[in-house]
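The values are calculated or read from the model by the stated rules, or taken from the named source; none is laboratory data. Everything numeric in this text was worked out from a predicted model, so none of it was measured. Cβ coordinates were reconstructed from backbone atoms using ideal geometry, including for glycine residues, and neighbour counts include every protein chain displayed. Please note that ligands, DNA and RNA were not included when accessible areas were found on the heavy atoms of the full protein model with its side chains. Shrake-Rupley method; radii C 1.70, N 1.55, O 1.52, S 1.80 Å.
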Amino acid sequence: MATTTLLDDLAGCVDGAAREAGPDDAVGGVPAAVVASPATTEQAAALMATADRAGLHVAFRGRGTALAWGAPPTALDLLVDTTRLDAVVDHAAGDLICVVQAGARLDDVDAQVRQHGQQLALDQPVRGASVGGTLATARSGPRRVRYGAPRDLVLGVTVVRADGVVAKAGGKVVKNVAGYDLAKLVTGSFGTLALVTEAIFRLHPLPAASRWVTVSCADSGEAARRAHAVTASQLAPSAVEVERRPGSAAVDVRVLLEGTEQGVAQRGSQALSLLGQGAEPTEVDDAAALPAGPDDLLLKLTVPLSGVGELLAAVAAAEQRHGVPLHLRGSAGVGVLYAGAPADAAPEAMAAVLADLRAVTVEGSTVLLQAPPSVRAALDAWGPVPGLALMRRVKDQFDPQHRLAPGRFVGGI
């Protein structure tokens with residue numbers, strides 16, 4: 001791709017922060033030719049406009065925690081690195097609002113607002129994630145039950161389109177409606193629609209107390225019943241998690257309660273009663289952790305709440321039938337779960353596992369988020385996708401030349 005003149009042009013947009021790509025500058029195993037790092041929205045706009053005129057294929061990188069998620073891009077010339085976009089632009093503590101740049105780490109944002117007794121209530125399935133990467137992949141964790149997913153907490157965004165045009169939607173008002181759909185649209189789009197440079201988030205007060213209550217259930221049906229009893233109760237849990245380890249029939253149910261000291265103590269007693277025999281208060285470390293390492297296979301499974309029990313049983317059956325160890329973990333309170341499998345799982349066995357799980361997630365989805373290239377190439381990672389034609393039209397509107405992360409998203413978008 002790169003001529004010296006083009007590299008100079010790109011560098012001129014970002015105060016010289018552009019270079020030829022190295023061996024680690026890749027997305028899904030596809031190497032870039034050039035890396036450029038804007039420090040402002042204006043620099044990002046100039047960079048994208050220059051890339052558009054040169055006909056470059058572009059992808060975005062935050063802190064690199066989920067570059068293996070989604071499909072590899074079909075082409076990649078320019079990798080836009082957002083790590084210099086790392087500021088908390090504004091924290092309106094009285095309004096429970098913060099404005100942050102896309103490259104800021106969630107940990108850093110949360111640490112800053114915690115000084116004022118507040119929190120950015122986005123759990124991190126992968127530690128060290130950036131704001132932009134979290135929005136791009138729509139990652140959420142256990143406390144989604146209480147606080148919602150990224151699309152529920154983001155009030156507005158500033159984005160740069162493929163042609164360098166800057167667009168803003170939403171604002172620093174919780175009930176703001178104008179343009180709010182744009183924030184929802186880019187959330188979960190894997191960087192295929194636009195580059196997010198800033199986001200506005202709704203914050204929540206820090207709870208004075210929190211407590212986990214856990215019970216180990218003999219089978220998936222019992223676990224689903226106990227989890228549902230808590231979810232349907234008046235306890236207002238912040239999280240209702242289930243975990244099934246490979247080779248085990250048992251399923252752990254974990255409930256997180258947050259609030260005042262007195263309120264948590266009272267609700268904790270009620271939770272112990274609801275969960276039944278064997279339930280006890282526990283300490284839970286890194287509750288949002290995924291059941292797979294960076295080199296393993298990772299599935300994201302979504303079902304209605306009524307389907308959690310069937311999904312738990314289907315995972316155990318698929319493991320036994322196809323000989324693939326499956327570690328399942330996730331929220332029984334919203335029906336979003338993750339399953340991990342070893343990196344050396346055979347493609348044909350994983351194809352059979354996917355078919356079995358998709359048969360019980362017809363009202364949701366089973367998506368292969370992460371896999372070694374040999375496995376990914378042999379499998380249908382996304383499965384059936386309702387509304388794909390509409391999604392293609394949206395892509396055409398935002399990125400007519402299909403130069404933003406081409407092929408990264410569902411249906412080759």
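Quote the accessible area belonging to LEU256 in square angstrom, nearest 10, computed with a 1.4 Å probe and with ligands, DNA and RNA left uncounted.
10 Å²
Along the charge dipole of the chain, which of ALA129, GLY221, ALA381 sits closest to the positive end, that is, farthest toward it, with unit charges on the beta carbon of Lys, Arg, Asp and Glu (+1, +1, -1, -1)?
Value computed over the given set: GLY221.
Under a 1.4 Å probe, what is the accessible area of the chain per residue, stated in Å²?
Working: 16800 Å² over 413 residues.
Per-residue value: 41 Å².
Check which residues have an amide H placed less than 5 Å from GLN118's amide H, if you skip close sequence neighbours.
Under 5 Å from the amide H of GLN118 lie the amide H atoms of LEU206, each far enough along the sequence or on another chain.
So how do HIS228, HIS204 rank on accessible area, 1.4 Å probe, biggest first, that is with the largest at the start? Mind showing how you got there, number by number?
Values: HIS228 110, HIS204 30 Å².
My answer, sorted largest first, is HIS228, HIS204.
With charges set only on the Cβ (+1 for Lys and Arg, -1 for Asp and Glu), what does the dipole of the chain come to about its Cα centre, in debye to the nearest 20? Display every interim value, and only then the final one.
Values: 36 positive and 43 negative charges, 193 e Å.
Dipole size: approximately 920 debye.
In terms of the Cα gyration tensor, with a ≥ b ≥ c the square roots of its eigenvalues, is region 139-228 rounded because a/c is under 1.5, prolate because a/b exceeds b/c, or oblate?
Values: a/c = 3.49, a/b = 2.08, b/c = 1.67.
Prolate, since a/c reaches 1.5 and a/b exceeds b/c.
So what does LYS300 come to for accessible area, using a 1.4 Å probe and Å² rounded to 10?
For LYS300, solvent-accessible area is about 40 Å².
What order, most packed first, do the peptides 152-158, 275-281 have when packing is the mean number of other Cβ atoms within 10 Å of each residue? Spell out each step's value before the answer.
Numbers: 152-158: 22.4, 275-281: 13.7.
Peptide ranking by packing, descending: 152-158, 275-281.
Rounded if a/c is under 1.5, else prolate if a/b is larger than b/c, else oblate: which is region 1-41, with a ≥ b ≥ c the root eigenvalues of its Cα gyration tensor? Could you put the intermediate results ahead of the total?
Values: a/c = 2.70, a/b = 1.42, b/c = 1.90.
Since a/c reaches 1.5 but b/c is at least a/b, the shape of region 1-41 is classed as oblate.
Going by amide H atoms built from the backbone, whose H comes under 5 Å of the H on LEU369, apart from near neighbours?
LEU298, LEU299, LYS300
Probe radius 1.4 Å, ligands and nucleic acids ignored: give me the carbon and sulfur share of the accessible area of region 337-398 as a rounded percent. Please report the intermediate quantities before stating the final value.
Numbers: 1810 of 2950 Å².
About 61 percent, which is the carbon plus sulfur part of the accessible surface.
Could you check how much of the accessible area of region 196-252 is carbon and sulfur, as a whole percent, using a 1.4 Å probe? Please list the in-between numbers first.
Working: 1130 of 2220 Å².
Carbon plus sulfur share of accessible area: 51 percent.
Accessible area, 1.4 Å probe, largest first: how do ASP219, ASP344, ASP181 sort? Working shown, then result.
On the way: ASP219 70, ASP344 130, ASP181 110 Å².
Output order, biggest surface exposure first: ASP344, ASP181, ASP219.
Answer with one residue from THR197, VAL284, ALA236: the one whose Cα lies farthest towards the positive end of the charge dipole of region 178-312, charges on Cβ with Lys, Arg +1 and Asp, Glu -1.
ALA236
So, with a 1.4 angstrom probe, what is the percent of accessible area on region 82-182 that is carbon and sulfur? Intermediate values should be presented prior to the final figure.
Working: 1850 of 4010 Å².
Solvent-exposed carbon and sulfur of region 82-182 make up 46 percent of the total.
Helix-only mean residue ellipticity at 222 nm, the chain, DSSP H runs n ≥ 4 weighted -39,500 (n - 2.57), per residue, nearest 500. What is it?
Values: 13 runs with 126 residues, N = 413.
Calculated from helices alone, the mean residue ellipticity at 222 nm is -9000 deg cm²/dmol.
Taking the alpha-carbon centroid of each part, what is the distance from region 299-334 to region 203-270 in angstrom?
Cα centres, region 299-334 to region 203-270: 18 Å.
Sort ASP399, ASP286 by heavy-atom solvent-accessible area, probe 1.4 angstrom, most to least. Intermediate values should be presented prior to the final figure.
On the way: ASP399 0, ASP286 75 Å².
These residues rank, largest area first, as ASP286, ASP399.
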